[in-house]
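Asker: Before I ask anything, here is the structure I am working with.
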Amino acid sequence: MYSDRRPRQGSIVLVLALAGMCSSFMFTLVVPIQARLPELLDSPRHDTAWVVTATLLSAAVITPIAGRLGDMYGKRRVILGLIAAMVLGSVIAALSQEIIGIVIGRSFQGAIVGAVPLGISIMRDVLHTDRVNAAVAFMSATLGMGGALGLPISAIVTQTLDWHMLFWMAAILGTVVFVLVLLVVPVSVLRTGGRFDVIGTIGIAVGLVALMLAISRGNEWGWTSLWTMGLGLGGIVVLVLWGVYELRVEDPLLDLRVASRPSVLLTNIASVAIGFALFASNVIYPQLLELPIGSGVGFGLSLLASSLIVMPSGLMMLLLSPVAGRIGTRAGPKLLMIIGTAALTLAYGFTMFFMTEVWHIFIANVLVGVAIGFGYASMPMLIMRSVPHTETGASNGLNALFRSIGTATAAALVAAVLAGYSVDFQGVEVPTAHGIRLALVLGGGAALVALLTASFIPARPAPGERSPSLPV
């Protein structure tokens, strides 16, 4: 399946997990300077929002396409290309003083997200069967660690050095990961035949960009504005037509018949809700910690202090990864997802009643760490047990796309709620307690939907859908 050059399997897992950390770090990279971007780039706030939106869009579009390219032309080759794109984007942003360069650079940085499902697929291909689940759980934990550790690191760099150092730091990290992947990860010789679906690629790119733009910018443009409605409905129409085309073409970009299998379909639906609930927690809890004490809902902590309160959630993911691997192997990944979504629901329920002390938010974030540690580990396990080797990259990429849709929706809706229920406090608009509680209801509702969906996932895939290479 792979070339004769066989590094130690533990080294392969560590390198791929580092690529996963690098991916999640890209989304926390600009958090410390996000509020200052209009001043730093001398641009209005609605333009600087593209610094975040561009990364979100490129990640959503590139991830499923990269998965298919990896299945066809080699997963390691495509991962190296994605890392190289991230390094290029980091250098462009580091050398830029104006917004256009930063947006272009951030668009290239988003490409690294496609390396995560490909890395998980490589684990399936190269590791012994009894080690796959543990490795997937470990990589899922490092995804959370990248965000949890990246935020305080970015905050320290921003406070002590020029903000461009954030992008130089990303370029250095990407270069190190590129070299390690090149040296350690073996070359795949398992390839899918057929032609690359160019029309399908264009269709999904156009549809996703339109839909994600409507979701991510709807709060700013207005949810009933011509731009939002036109892009949203247009994107849906394009994606429906794309789906019809994919069912008829001989070599589709994504095999929708495989994606419609009950285990895969329900996992992807749950992924949307999980992505929504997790991102909502990433918005709500830091705001509770950082809002001024006089606002009535905040604790007045600095960005660095609040990031240290949130950071233990990432450590919890790392500590739980061996447990998640054992549970996934012995009891099946469905139980993992149920535990993860139950912990997420509990985190929101706890916060609804207890959010008057810093330690309340700490406990909630520990529960979020349990949720990510188990929930993120379960999703690729559920997907890979139900799809053939030739569809692993594309199917994991599609699952990552569904999580991205949930994340983008949460970013838009939670921001709209917090902005809609805000008051002026010393010249700054801050959310009210009612707005925070309503945002918690949205996040908790999504977590509950994920839990209910997880309960309907088949405990075992149907005999005709079962992967012969993984435990179920």
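The values are calculated or read from the model by the stated rules, or taken from the named source; none is laboratory data. A quick note: this is a predicted structure, and the numbers were derived from the prediction, not measured. We place every Cβ from the backbone using ideal geometry, glycine too, and count neighbours over all the protein chains shown. When the accessible area is computed, the model is the full protein with side chains, heavy atoms only, and any ligands, DNA or RNA have been set aside. Shrake-Rupley method; radii C 1.70, N 1.55, O 1.52, S 1.80 Å.
Asker: Residues of the stretch 274-296 being under 22 Å from P312 (Cβ atoms), β-branched (V, I, T) and open to solvent by 10 Å² or more (accessible area, probe 1.4 Å), which ones?
Answerer: The answer is V283, and nothing else.
Asker: Further question: On the basis of being closer than 28 Å to A447 by Cβ, β-branched (V, I, T) and open to solvent by 40 Å² or more (accessible area, probe 1.4 Å), does V264 make the cut? Give the derivation first.
Answerer: Details: closer than 28 Å to A447 by Cβ: yes; β-branched (V, I, T): yes; open to solvent by 40 Å² or more (accessible area, probe 1.4 Å): no.
Taking the combined requirement at face value, the residue does not satisfy it.
Asker: If you check M337 against the conditions, is it modelled with pLDDT under 80, touching a Leu at 6+ places or on another chain (Cβ under 8 Å) and within 22 Å of V370 (Cβ to Cβ)?
Answerer: Values: modelled with pLDDT under 80: no; touching a Leu at 6+ places or on another chain (Cβ under 8 Å): yes; within 22 Å of V370 (Cβ to Cβ): yes.
The answer is no for M337.
Asker: Name, by its number, the condition in (1) open to solvent by less than 20 Å² (accessible area, probe 1.4 Å); (2) assigned to a helix (DSSP H, G or I); (3) within 22 Å of A433 (Cβ to Cβ) that does not hold for S307.
Answerer: S307 satisfies every listed condition except (3).
Asker: When you check V181 against the structure, is it surrounded by 15 or more Cβ atoms within 10 Å (Cβ to Cβ), of a type in the set (A, V, I, L, M) and under 27 Å from F108 (Cβ atoms), yes or no?
Answerer: For V181, the condition - surrounded by 15 or more Cβ atoms within 10 Å (Cβ to Cβ), of a type in the set (A, V, I, L, M) and under 27 Å from F108 (Cβ atoms) - is met.
Asker: V414: open to solvent by less than 60 Å² (accessible area, probe 1.4 Å) and either of a type in the set (V, I, T) or modelled with pLDDT under 85 (or both), yes or no?
Answerer: Yes: the conditions hold for V414.
Asker: Only one of (1) open to solvent by 10 Å² or more (accessible area, probe 1.4 Å); (2) part of a helix (DSSP H, G or I); (3) out of contact with any Lys or Arg (no Cβ under 8 Å at 6 or more places or on another chain) fails for G300. Which number is that?
Answerer: (2)
Asker: Let me ask you something else. Name the pairs whose Cβ atoms lie under 9 Å apart, with the first residue in the stretch 119-147 and open to solvent by less than 10 Å² (accessible area, probe 1.4 Å), the second assigned to a helix (DSSP H, G or I) and among the acidic types (D, E), and 6 or more positions between them or separate chains?
Answerer: Here the result reads S121/D71, each pair linking the stretch 119-147 to a residue that is assigned to a helix (DSSP H, G or I) and among the acidic types (D, E).
Asker: For the stretch 312-419, list the helices (runs of 4 or more DSSP H) that sit wholly inside it and hold at least 3 residues that are touching a residue at least 40 places away in the same chain (Cβ under 8 Å) and among the hydroxyl-bearing types (S, T, Y); which are they? Please lay out each step first, then the result.
Answerer: Values: elements: 312-330, 333-353, 358-384.
Of the helices (runs of 4 or more DSSP H) lying wholly inside the stretch 312-419, those with at least 3 residues that are touching a residue at least 40 places away in the same chain (Cβ under 8 Å) and among the hydroxyl-bearing types (S, T, Y) span 312-330, 333-353.
Asker: Is the stretch 435-451 home to any residue that is open to solvent by less than 50 Å² (accessible area, probe 1.4 Å), assigned to a helix (DSSP H, G or I), of a type in the set (D, E, K, R) and in contact (Cβ under 8 Å) with a residue 40 or more places away in the chain? Lay out the reasoning, then the answer.
Answerer: First pass over the stretch 435-451, keeping only residues open to solvent by less than 50 Å² (accessible area, probe 1.4 Å): 435-436, 439-440, 443-447, 450-451.
Next, only the ones that are assigned to a helix (DSSP H, G or I) stay: 435-436, 439-440, 443-447, 450-451.
Filter once more, so that each one left must be of a type in the set (D, E, K, R): none.
No: zero hits.
Asker: Scan the stretch 175-216 for residues that are part of a helix (DSSP H, G or I) and polar (S, T, N, Q) and jot them down.
Answerer: Those that are part of a helix (DSSP H, G or I) and polar (S, T, N, Q): T175, T201, S216.
Asker: May I ask you to list the residues in the stretch 420-434 that are assigned to a helix (DSSP H, G or I) and not hydrophobic (A, V, I, L, M, F, W, C)?
Answerer: Within the stretch 420-434, G420, H434 meet the criteria.
Asker: State which residue is surrounded by the fewest Cβ atoms within 10 Å (Cβ to Cβ) when the search covers only the stretch 351-408 and only residues that are among the polar types (S, T, N, Q) and over 28 Å from D71 (Cβ atoms).
Answerer: For the stretch 351-408, the residue satisfying everything is T356.
Asker: For the stretch 33-47, does any single residue satisfy the condition of being of a type in the set (A, V, I, L, M, F, W, C), surrounded by 23 or more Cβ atoms within 10 Å (Cβ to Cβ) and at pLDDT 85 or above? Don't jump to the end; show me each part of the working.
Answerer: Within the stretch 33-47, the first condition is being of a type in the set (A, V, I, L, M, F, W, C), and the residues that meet it are 33, 35, 37, 40-41.
Filter again for surrounded by 23 or more Cβ atoms within 10 Å (Cβ to Cβ), leaving none.
The answer is no; no qualifying residue exists.
Asker: Just wondering, is there one or more residues in the stretch 103-116 that are of a type in the set (G, A, S), under 25 Å from P44 (Cβ atoms) and open to solvent by less than 10 Å² (accessible area, probe 1.4 Å)?
Answerer: From the stretch 103-116, those of a type in the set (G, A, S) are 105, 107, 110-111, 114-115; that's our starting set.
Among the residues that remain, those that are also under 25 Å from P44 (Cβ atoms) are: 105, 107, 110.
Retained after the next criterion (residues that are open to solvent by less than 10 Å² (accessible area, probe 1.4 Å)): 105, 110.
Yes, the conditions are met somewhere in the stretch 103-116.
Asker: Restricting the search to the stretch 254-280, which residues are in a helix (DSSP H, G or I) and either closer than 21 Å to G200 by Cβ or of a type in the set (D, E, K, R) (or both)?
Answerer: Listed by number, the residues that qualify are L256, R257, V258, A259, V264, L265, N268.
Asker: A follow-up question, please. Considering only the stretch 156-163, I want to know if a residue exists there that is in a helix (DSSP H, G or I) and buried (at least 23 other Cβ atoms within 10 Å of the Cβ).
Answerer: So far as the stretch 156-163 goes, no, none of its residues is in a helix (DSSP H, G or I) and buried (at least 23 other Cβ atoms within 10 Å of the Cβ).
Asker: (1) open to solvent by 50 Å² or more (accessible area, probe 1.4 Å); (2) without any contact (Cβ under 8 Å) to a residue 24 or more places away in the chain: which one isn't true of E250, the others all being true?
Answerer: The one condition E250 does not meet is (2).
Asker: Only one of these conditions is not met by T345: (1) within 23 Å of A148 (Cα to Cα); (2) crowded, with 24+ Cβ neighbours inside 10 Å; (3) of a type in the set (S, T, Y). Which number is it?
Answerer: Only one criterion in (1) within 23 Å of A148 (Cα to Cα); (2) crowded, with 24+ Cβ neighbours inside 10 Å; (3) of a type in the set (S, T, Y) is unmet by T345, namely (2).
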